[in-house]
Amino acid sequence: MPRILNFNVGVLGHVDSGKTSLARALSTTASTAAFDKNPQSRERGITLDLGFSSFTVDLPEHLAQESGGHQYDSLQFTLVDCPGHASLIRTIIGGAQIIDLMMLVVDVVKGVQTQTAECLLIGELACPRMVAVLNKTDLLPDDKRLVAIAKMTKRLHKTLESTRFKGCPVIAVAAKPGGPEAPDAAEPQGMQGLIELLKGQTYLPRRDPKGDFLMAVDHCFSIRGQGTVMTGTVLQGSLAVGDTVEIPALKVTKKVKSVQMFRKPVSGATQGDRVGVCVTQFDPKLLERGAVCSPGSLRTLHAALISVRKIGYFRGTLSTRAKFHVTVGHETVMARVSFFGLPPADDPEFLSDAKPLASSNPPPSSLDTPFSFERDYFYQDDYVTGQGEAGPAGPDPEQWALLEFERPVTCPSLCLVIGSKLDRDIHTNLCRLAFHGCLLEGFEDKGYVETALTCLRIFKTKHKEGQVERLTDEYTAIGRNLFKKETDLQLFVGLKVMLSTGEAGVIDGGFGQSGKFKIRIPEGFRPETKQLLSSVSKKKGNGAAAKAERAKEDKPKADSQPVTIHLHFKRYVFDPYKKMVQS
């Protein structure tokens, strides 16, 4: 049997840029889900779901050399036609994760539009290479066509300068001269040149048949007398006729009856292949889109930890406890997001000589710090950018996020995660893609807050400030304004404090009923501190005049410089006992 190298090409772009017409013009074989066969797609005149079609060419010379001992006889391009409508961005994200190369289709008359830019961003996250296709050149006047194409090509190259696709090839075509309603007799223009360009841009994708099988299913339908066919792309591992697969969302297993690749029976499939898998006794209405895998290989998660990076074009802050549409693997679900990072260099965990103590885990010399449950992390109210007041001040610091899903999601480990604000008005010229990352840890237990998050060392720093009221002896002073009257001071006994004059001490207990407290300075007060406080400590009488004088002292004068007491500690966010911790 001839060996075919399958290469997945995503066709992305703004709605009505001619993506489906381009896929139709290139393809020789269509799957059951191609060219808007969905009745709703035909009725509305737009692509509503992923469409798949293919064409086969001779294996390019550079691939024959790259493959070495893995001899392929031909190269099959599988075109993944993604919808361009703004409301279907989650479908586009799902499609982008299975492609090896992206074709960004741009209407040569309208140029880059909102969804064109969003597709470009998705491509940057999920795809290593891109070809830009300027479509609908037939709409340009004959005498101005070349000039207009050159101008749009230049503009597109400028747009791509700050992306990973800088310098990518741009080609002009007319996939459906005369528009969608024109008769099919009109020959597409520029297709052969585009095919040659695609052949030149191909590379040998990493295809590993080992490991657990995983397939992203995008369509499911029944064939009378045969069974139910699930069509999709193999993301990892391999599959053979007779294997048992699991549909994890439904918790059921089925035996593979047959496998087809674009209507041709095959004995199996491997990573990167586009296939139809036939099983029996399964209702196709139960699975429109999802995953099929080796039994027990996927996990269903209630929450997850991810590495996170903000998408630069997203306007606004990314706030902790805010909700986002989160695409994990091939599912999109609402999730509450909490951001955290490495402790800041000026972490106020200090004590001796009024100097900050060294952090228990100093900042790394470079990014890409591996996540560890053994490390302390700093709670953040918002995602922190490297943006300064005068503009960019450097790359964003290393950060992570906790995702808490509104419903459980089934996904592979280390998969791509994209956070979006899909509820933004699709008619505004705003990027809805907010952040991206990689799934690092997942929590399958519904009670993950009590069972798993207690091991997550995310802390908040707390700072309280009071004043020294008076000295009682060489080593003890009375403090005030650090606690409220109703505070249980026993919780704070033994905590370390620092005076503004440099002495380090500990809270020794309460004093009276008004929230005042005693602090002990093991090494004694410095002479200058004693002199500063002497006017207060000399007032030792208990008469009415002395009390009145001390009451005056309780109200600091505008020009006075009281000795302040600083209490720093941290609390771990998920510590059920809410303990106060000091280094």
Q. Between the DSSP loop rule and a limit of at most 13 other Cβ atoms within 10 Å, which trypsin sites (Lys or Arg not before Pro) in region 407-495 are left?
A. Lys446, Lys484, Lys485
(Q) Only sites in a loop by DSSP and with at most 12 other Cβ atoms within 10 Å count here; which trypsin sites (Lys or Arg not before Pro) in region 286-351 make the cut? (A) Arg315, Arg321
Q. For region 474-479, in order, what is each residue's ³J(HN,Hα) by Karplus, 6.51 cos²θ - 1.76 cosθ + 1.60 with θ = phi - 60°, in whole Hz (x at glycine and Pro)?
A. 4, 10, 10, 9, 9, x
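Is there a quick way to get the dipole size of region 215-287? I mean about its Cα centre, with the Cβ of Lys and Arg at +1 and of Asp and Glu at -1; what is the value in debye to the nearest 20? List each step's numbers first, then the result.
Details: 9 positive and 5 negative charges, 48 e Å.
Using only the charged Cβ atoms, the result is roughly 240 debye.
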Q) Past the 30 Å Cα-Cα mark, which pairs from Lys460/Lys485; Lys136/Lys310; Lys19/Lys251; Lys19/Lys166? A) Lys136/Lys310; Lys19/Lys251
Q.
Testing the spin-label approximation: label points 7 Å from Cα along Cα→Cβ at Arg145 and Gln192. State their distance in nm.
A. 1.6 nm
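With N denoting the number of residues in region 137-242, provide Rg(C-alpha) divided by 2.2 N^0.38 Å, to two decimal places. Mind dumping the intermediate values first?
Details: Rg = 21.1 Å, N = 106, 2.2 N^0.38 = 12.9 Å.
That works out to 1.63 for region 137-242.
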Q: Have a look at Leu139, Thr159, Pro183 and report the one farthest towards the positive end of the charge dipole of region 134-209, computed about the Cα centre with Cβ charges (Lys/Arg +1, Asp/Glu -1).
A: Thr159
Q: Please name whichever of Val170, Ala126, Leu101 sits farthest to the positive end of the charge dipole of region 92-171, dipole taken about the Cα centre and charges placed at Cβ: Lys and Arg +1, Asp and Glu -1.
A: Val170
Q: State the volume of the convex hull built on the alpha-carbon positions of region 400-488, expressed per residue in Å³ and rounded to an integer.
A: 260 Å³
Q) Tell me, how many Å apart are the Cα centres for region 171-211 and for region 274-317? A) 28 Å
Q | Sequence of Ile4, Ile311 from largest to smallest accessible area, 1.4 Å probe | A | Ile4, Ile311
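Just round it to a whole percent: the fraction of Cα-Cα distances in region 203-320 exceeding 17 Å. Don't skip to the answer; put the middle values down first.
Values: 4062 of 6903 pairs.
Here the long-distance tail beyond 17 Å is 59 percent of all Cα pairs in region 203-320.
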Q: Bin width 10 Å, alpha-carbon pairs only: give the P(r) of region 102-190 as whole percents, running from 0 to the bin holding the largest distance.
A: 17, 47, 28, 8, 0
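The values are calculated or read from the model by the stated rules, or taken from the named source; none is laboratory data. Just so it is clear, the structure is predicted and the values come from calculations on it, not from any experiment. Every residue, glycine as well, gets a Cβ built from its backbone with ideal geometry; the counts of neighbours run over all protein chains shown. The area values use the complete protein model at the heavy-atom level, side chains included, leaving out ligands, DNA and RNA. Shrake-Rupley method; radii C 1.70, N 1.55, O 1.52, S 1.80 Å.
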